[in-house]
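Undergrad: The structure's right below; bear with me while I get my questions together.
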Amino acid sequence: MGAVTSVDRHPKQDRSRATRQRLLEAAVACLAEHGWAGSTVSVVAERAGVSRGAAQHHFPTREDLFTAAVEYVAEERSTALRALFPDGPEGPGDRRAAVAALVDLYTGPLFRAALHLWVAASNEEQLGPRVAELEARVGRETHRIAVELLGADESRPGVRETVQGLLDMARGLGLANLLTDDTARRERVVAQWAALLDEALG
């Protein structure tokens, strides 16, 4: 009898994991589209095809749901970025592709969702410390990935700041893209930054 129970438990765990994943993805999409004010647990639950009770079972508070959602999508994004050059970058073409991929981080729904979360965190007492801690963690991880993708040697003077400058610039391009489609200008800026990085990183 005990063996049957342990076999039965796995589909339930899988269902629970799938429900959680649907909620997290729906939360990021809602936040990107409707902002903090328009994103409630009920709205996310409905979008994910889950009852409000089930959503609250996984995430007791709204803050739990949205910070977990941004973190989850950031982790998925990191995994995808790491897979870009499994054997490390090889030459200027790869470096340009790396710069473009890093800039793309800041032009999709995740950046839009994170931005709404930052703005809400600046006004919401319960959210502030959690988002600051999450942002610091995601920032460190993004920096590490950028160093790997660019093949940057941070033991050399100025290299760390050069990578930080690239990420700050990418965030600025992401902000510019929120109001208008900035694709054409962004492509020229990416090409120029890739050339500058080739020079700066060697």
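Quick note: the coordinates plus some simple rules give every number you see, no bench work behind them. Just so it is clear, the structure is predicted and the values come from calculations on it, not from any experiment. As a convention, Cβ positions derive from the backbone with ideal geometry for all residues, glycine included, and neighbour counts pool all protein chains shown.
Undergrad: Using θ = phi - 60° and the Karplus curve 6.51 cos²θ - 1.76 cosθ + 1.60, what whole-Hz ³J(HN,Hα) does each residue of segment 174-179 get, with Gly and Pro shown as x?
TA: x, 5, 4, 6, 5, 9
Undergrad: Among Arg52, Arg95, which comes first, second and so on when ranked by fewest other beta-carbon atoms within 10 Å?
TA: Final ranking by Cβ density, sparse to dense: Arg52, Arg95.
Undergrad: Can I ask one more? Round to the nearest 0.05 the FRET efficiency obtained for Asp87 and Ser16 when R0 = 41 Å and r is the Cβ-Cβ distance.
TA: Plugging the Cβ-Cβ distance into 1/(1 + (r/R0)^6) gives 0.65.
Undergrad: Evaluate the distance, in nm, between pseudo-label points positioned 7 Å from the Cα of Leu196 and of Ala136 along their respective Cα→Cβ axes.
TA: Using points 7 Å along Cα→Cβ, the separation is 2.9 nm.
Undergrad: I need the calculated FRET efficiency for the pair Asp181 and Ala80, taking r as the beta carbon distance and R₀ as 25 Å, to the nearest 0.05. Don't skip to the end; give the middle numbers.
TA: On the way: r = 23 Å, r/R0 = 0.92.
FRET efficiency, Asp181 to Ala80: 0.60.
Undergrad: Work out from phi, with θ = phi - 60° and the Karplus expression 6.51 cos²θ - 1.76 cosθ + 1.60, the ³J(HN,Hα) of each residue of segment 191-199, listed in order in whole Hz, and give x for Gly and Pro.
TA: Coupling constants for segment 191-199: 4, 5, 5, 4, 5, 4, 5, 4, 5 Hz.
Undergrad: Rounded to the nearest 10 degrees, what's the angle between the helix 92-104 long axis and the longest principal axis of the chain, both from Cα atoms, 0 to 90?
TA: 40 degrees
Undergrad: Using the alpha-carbon atoms, what tilt in degrees (0 to 90, nearest 10) does helix 2-34 show relative to the longest principal axis of the chain?
TA: Orientation of helix 2-34: about 60 degrees from the principal axis.
Undergrad: Quick one: Cα centre-to-centre distance for segment 8-72 and segment 163-178, in angstrom?
TA: Their Cα centres are 29 Å away from one another.
Undergrad: Okay, moving on. Which value does Rg/Rh take for segment 1-157 over its C-alpha atoms, Rh per Kirkwood?
TA: Working: Rg = 18.7 Å, Rh = 17.5 Å.
A ratio of 1.07.
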